[in-house]
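The structure under discussion appears below in the form of C-alpha coordinates.
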(Lines give C-alpha, C1' and ligand atoms only; values in the text may rest on other atoms or scores of the structure.)
Protein backbone atom coordinates (compact mmCIF):
# COMPACT_ATOMS: atom_id res chain seq x y z
CA UNK A 1 0.00 0.00 0.00
CA UNK A 2 2.95 2.35 0.59
CA UNK A 3 6.10 3.18 -1.30
CA UNK A 4 8.99 2.45 1.07
CA UNK A 5 12.23 4.44 1.25
CA UNK A 6 15.13 2.39 2.64
CA UNK A 7 17.99 4.51 3.98
CA UNK A 8 21.49 4.18 5.44
CA UNK A 9 22.70 5.60 8.77
CA UNK A 10 22.91 9.11 7.29
CA UNK A 11 19.30 8.98 6.00
CA UNK A 12 20.52 8.77 2.43
CA UNK A 13 18.04 6.82 0.33
CA UNK A 14 19.61 3.63 -0.95
CA UNK A 15 16.52 1.82 -2.20
CA UNK A 16 12.92 2.54 -3.11
CA UNK A 17 10.29 -0.21 -2.96
CA UNK A 18 6.95 0.41 -4.65
CA UNK A 19 4.26 -1.11 -2.39
CA UNK A 20 6.27 -4.21 -1.36
CA UNK A 21 4.48 -7.23 0.11
CA UNK A 22 7.21 -7.53 2.76
CA UNK A 23 8.75 -4.08 3.33
CA UNK A 24 12.28 -3.84 4.69
CA UNK A 25 11.46 -0.77 6.79
CA UNK A 26 8.54 1.36 7.91
CA UNK A 27 9.70 4.54 6.16
CA UNK A 28 6.65 5.19 4.01
CA UNK A 29 6.94 7.82 1.30
CA UNK A 30 4.56 10.70 1.98
CA UNK A 31 4.77 11.85 -1.63
CA UNK A 32 6.35 15.19 -0.72
CA UNK A 33 9.65 15.85 -2.50
CA UNK A 34 12.13 18.72 -2.81
CA UNK A 35 14.27 18.63 -5.96
CA UNK A 36 17.10 20.62 -7.44
CA UNK A 37 15.27 21.92 -10.51
CA UNK A 38 18.16 21.84 -13.04
CA UNK A 39 18.89 18.20 -12.18
CA UNK A 40 15.24 17.15 -12.30
CA UNK A 41 14.74 19.03 -15.57
CA UNK A 42 17.71 17.19 -17.06
CA UNK A 43 16.25 13.79 -16.18
CA UNK A 44 12.81 14.70 -17.47
CA UNK A 45 14.20 16.07 -20.73
CA UNK A 46 16.47 13.08 -21.36
CA UNK A 47 13.67 10.64 -20.56
CA UNK A 48 11.26 12.34 -22.94
CA UNK A 49 13.87 12.31 -25.72
CA UNK A 50 14.55 8.57 -25.38
CA UNK A 51 11.86 6.25 -24.11
CA UNK A 52 9.04 8.57 -23.15
CA UNK A 53 8.24 11.06 -20.40
CA UNK A 54 8.57 10.23 -16.73
CA UNK A 55 5.06 10.10 -15.34
CA UNK A 56 5.40 8.97 -11.74
CA UNK A 57 7.81 9.91 -8.96
CA UNK A 58 7.79 6.50 -7.32
CA UNK A 59 7.91 4.47 -10.51
CA UNK A 60 10.15 6.68 -12.65
CA UNK A 61 11.91 9.63 -11.01
CA UNK A 62 13.15 8.25 -7.68
CA UNK A 63 14.49 5.01 -9.23
CA UNK A 64 16.31 7.07 -11.89
CA UNK A 65 18.01 9.15 -9.22
CA UNK A 66 19.10 6.03 -7.35
CA UNK A 67 20.34 4.31 -10.53
CA UNK A 68 22.57 7.32 -11.29
CA UNK A 69 23.73 7.58 -7.67
CA UNK A 70 22.22 11.02 -7.15
CA UNK A 71 22.41 12.06 -3.49
CA UNK A 72 18.84 11.74 -2.21
CA UNK A 73 17.91 11.96 1.46
CA UNK A 74 14.83 11.18 3.51
CA UNK A 75 13.32 13.51 6.07
CA UNK A 76 11.77 11.62 8.98
CA UNK A 77 8.45 13.31 9.67
CA UNK A 78 7.26 12.50 13.18
CA UNK A 79 4.06 14.52 13.27
CA UNK A 80 0.53 13.42 12.46
CA UNK A 81 0.15 11.74 9.09
CA UNK A 82 -2.62 9.52 7.82
CA UNK A 83 -2.91 7.73 4.51
CA UNK A 84 -6.45 7.83 3.13
CA UNK A 85 -5.95 5.52 0.18
CA UNK A 86 -8.55 3.00 1.33
CA UNK A 87 -12.17 3.24 2.45
CA UNK A 88 -11.21 2.07 5.93
CA UNK A 89 -8.39 4.59 6.38
CA UNK A 90 -10.53 7.44 5.01
CA UNK A 91 -13.23 6.65 7.56
CA UNK A 92 -10.70 6.31 10.39
CA UNK A 93 -9.07 9.65 9.55
CA UNK A 94 -12.41 11.44 9.68
CA UNK A 95 -13.44 9.77 12.93
CA UNK A 96 -10.12 10.87 14.45
CA UNK A 97 -11.14 14.49 13.84
CA UNK A 98 -13.85 14.00 16.44
CA UNK A 99 -11.33 13.02 19.12
CA UNK A 100 -10.43 16.13 21.16
CA UNK A 101 -6.98 14.61 21.74
CA UNK A 102 -6.31 14.12 18.04
CA UNK A 103 -2.72 15.26 17.25
CA UNK A 104 -4.05 17.14 14.21
CA UNK A 105 -5.91 19.90 16.04
CA UNK A 106 -8.04 21.66 13.45
CA UNK A 107 -8.89 24.31 16.04
CA UNK A 108 -5.28 25.41 16.39
CA UNK A 109 -5.26 29.06 15.28
CA UNK A 110 -1.47 29.03 14.96
CA UNK A 111 -1.64 26.36 12.23
CA UNK A 112 -4.85 26.89 10.34
CA UNK A 113 -6.24 24.57 7.70
CA UNK A 114 -8.02 26.48 4.94
CA UNK A 115 -10.68 25.07 2.65
CA UNK A 116 -13.19 26.38 0.16
CA UNK A 117 -15.77 28.49 1.94
CA UNK A 118 -19.11 28.48 0.14
CA UNK A 119 -21.77 31.11 0.80
CA UNK A 120 -24.15 28.91 2.79
CA UNK A 121 -26.51 29.67 5.68
CA UNK A 122 -25.65 28.42 9.18
CA UNK A 123 -26.62 24.88 10.07
CA UNK A 124 -30.21 24.48 11.26
CA UNK A 125 -31.24 22.07 14.01
CA UNK A 126 -34.95 21.43 14.47
CA UNK A 127 -36.61 20.69 17.82
CA UNK A 128 -36.36 16.97 17.08
CA UNK A 129 -32.61 17.06 16.40
CA UNK A 130 -30.13 15.47 18.79
CA UNK A 131 -26.39 15.93 18.33
CA UNK A 132 -23.54 14.39 20.34
CA UNK A 133 -19.80 14.32 19.67
CA UNK A 134 -20.21 15.35 16.05
CA UNK A 135 -19.04 17.95 13.53
CA UNK A 136 -21.71 19.75 11.51
CA UNK A 137 -20.92 22.59 9.13
CA UNK A 138 -22.73 25.35 7.24
CA UNK A 139 -25.79 24.64 5.15
CA UNK A 140 -26.86 21.50 7.03
CA UNK A 141 -30.47 20.81 8.02
CA UNK A 142 -30.81 18.29 10.84
CA UNK A 143 -34.06 16.88 12.20
CA UNK A 144 -32.68 13.51 13.36
CA UNK A 145 -30.05 12.15 15.73
CA UNK A 146 -26.35 12.62 14.94
CA UNK A 147 -23.90 10.59 17.04
CA UNK A 148 -20.12 10.74 16.60
CA UNK A 149 -20.38 11.67 12.93
CA UNK A 150 -19.30 14.32 10.44
CA UNK A 151 -21.78 16.17 8.24
CA UNK A 152 -20.28 18.10 5.33
CA UNK A 153 -21.79 21.17 3.68
CA UNK A 154 -25.46 21.30 2.77
CA UNK A 155 -26.41 17.86 4.12
CA UNK A 156 -30.08 17.18 4.92
CA UNK A 157 -31.10 14.72 7.67
CA UNK A 158 -34.80 13.88 8.07
CA UNK A 159 -36.77 13.44 11.28
CA UNK A 160 -36.36 10.12 13.06
CA UNK A 161 -33.12 9.27 11.28
CA UNK A 162 -30.06 8.13 13.23
CA UNK A 163 -26.55 8.81 11.93
CA UNK A 164 -23.84 7.09 13.97
CA UNK A 165 -20.07 6.76 13.48
CA UNK A 166 -20.41 7.92 9.90
CA UNK A 167 -19.17 10.48 7.40
CA UNK A 168 -21.71 12.27 5.20
CA UNK A 169 -20.32 14.04 2.14
CA UNK A 170 -21.60 17.40 0.75
CA UNK A 171 -25.16 17.76 -0.57
CA UNK A 172 -26.25 14.30 0.56
CA UNK A 173 -29.95 13.97 1.38
CA UNK A 174 -31.10 11.46 3.99
CA UNK A 175 -34.83 10.99 4.46
CA UNK A 176 -36.94 10.19 7.50
CA UNK A 177 -36.40 7.21 9.81
CA UNK A 178 -33.13 6.24 8.14
CA UNK A 179 -30.34 4.38 9.92
CA UNK A 180 -26.75 5.08 8.88
CA UNK A 181 -24.09 3.36 10.99
CA UNK A 182 -20.35 2.97 10.30
CA UNK A 183 -20.71 4.28 6.78
CA UNK A 184 -19.52 6.83 4.26
CA UNK A 185 -22.31 8.48 2.28
CA UNK A 186 -21.01 10.05 -0.92
CA UNK A 187 -21.56 13.52 -2.31
CA UNK A 188 -25.04 14.14 -3.78
CA UNK A 189 -26.23 10.72 -2.62
CA UNK A 190 -29.86 10.22 -1.61
CA UNK A 191 -31.19 7.72 0.93
CA UNK A 192 -34.97 7.49 0.93
CA UNK A 193 -37.28 7.20 3.94
CA UNK A 194 -36.78 4.11 6.11
CA UNK A 195 -33.51 3.24 4.39
CA UNK A 196 -30.77 1.38 6.20
CA UNK A 197 -27.01 1.59 5.59
CA UNK A 198 -25.14 -0.37 8.24
CA UNK A 199 -21.48 -1.29 8.29
CA UNK A 200 -19.03 -2.49 10.92
CA UNK A 201 -15.93 -0.90 12.51
CA UNK A 202 -13.71 -3.01 10.26
CA UNK A 203 -16.04 -3.10 7.25
CA UNK A 204 -17.34 0.36 6.39
CA UNK A 205 -20.44 0.53 4.22
CA UNK A 206 -20.38 2.99 1.31
CA UNK A 207 -23.07 4.83 -0.61
CA UNK A 208 -21.41 6.11 -3.77
CA UNK A 209 -21.40 9.53 -5.39
CA UNK A 210 -24.90 10.44 -6.56
CA UNK A 211 -26.25 7.01 -5.64
CA UNK A 212 -29.94 6.83 -4.81
CA UNK A 213 -31.31 4.28 -2.33
CA UNK A 214 -34.98 3.79 -1.63
CA UNK A 215 -36.45 1.46 0.94
CA UNK A 216 -33.80 -1.21 0.38
CA UNK A 217 -31.18 -2.19 2.94
CA UNK A 218 -27.48 -1.90 2.26
CA UNK A 219 -25.40 -3.88 4.77
Which of the residues spanning segment 1-18 are surrounded by 12 or more Cβ atoms within 10 Å (Cβ to Cβ) and within 23 Å of residue 88 (Cα to Cα)? 2, 3, 4, 18
Mind checking whether some residue in segment 111-130 is in contact with a strand residue (DSSP E or B) (Cβ under 8 Å, 6 or more places away or on another chain) and modelled with pLDDT under 90? no
Here is a list of conditions, (1) under 26 Å from the mean Cα position of the chain (by Cα); (2) modelled with pLDDT of 90 or more, and residue 39 meets all of them except one; can you say which number that is? (1)
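Does residue 176 qualify as being out of contact with any helix residue (DSSP H, G or I) (no Cβ under 6 Å at 6 or more places or on another chain), surrounded by fewer than 23 Cβ atoms within 10 Å (Cβ to Cβ) and within 16 Å of residue 94 (Cα to Cα)? Spell out the reasoning first.
Working: out of contact with any helix residue (DSSP H, G or I) (no Cβ under 6 Å at 6 or more places or on another chain): yes; surrounded by fewer than 23 Cβ atoms within 10 Å (Cβ to Cβ): yes; within 16 Å of residue 94 (Cα to Cα): no.
Spelling it out, it is not the case that residue 176 is out of contact with any helix residue (DSSP H, G or I) (no Cβ under 6 Å at 6 or more places or on another chain), surrounded by fewer than 23 Cβ atoms within 10 Å (Cβ to Cβ) and within 16 Å of residue 94 (Cα to Cα).
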Please identify the pairs in which a residue from segment 44-63 that is farther than 23 Å from residue 6 by Cβ has its Cβ atom under 8 Å from the Cβ atom of a residue that is surrounded by fewer than 16 Cβ atoms within 10 Å (Cβ to Cβ) and at pLDDT below 80, counting only partners at least 6 apart or on another chain. 44/53; 47/53
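Considering only residues that are more than 14 Å from the chain's Cα centre (by Cα) and either surrounded by fewer than 13 Cβ atoms within 10 Å (Cβ to Cβ) or under 11 Å from residue 80 (Cα atoms) (or both), which ones fall in segment 92-107? So that I can check it myself, show each step before the final result.
Looking only at segment 92-107, we keep the residues that are more than 14 Å from the chain's Cα centre (by Cα), and these are 98-103, 105-107.
99, 100, 101, 102, 103, 105, 106, 107 - these are the residues of segment 92-107 that are more than 14 Å from the chain's Cα centre (by Cα) and either surrounded by fewer than 13 Cβ atoms within 10 Å (Cβ to Cβ) or under 11 Å from residue 80 (Cα atoms) (or both).
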With a cut-off of at least 2 residues that are within 27 Å of residue 169 (Cα to Cα), name the helices (runs of 4 or more DSSP H) lying wholly within segment 1-103. 87-97
Anything in segment 157-172 that is surrounded by fewer than 20 Cβ atoms within 10 Å (Cβ to Cβ), over 21 Å from the mean Cα position of the chain (by Cα) and within 23 Å of residue 92 (Cα to Cα)? List them, or say none. 162
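The values are calculated or read from the model by the stated rules, or taken from the named source; none is laboratory data. Owing to the predicted nature of the structure, the values given are computational and were not obtained by experimental measurement. Note that we place each Cβ from the backbone using ideal geometry, even for glycine, and neighbour counts take in every protein chain shown.
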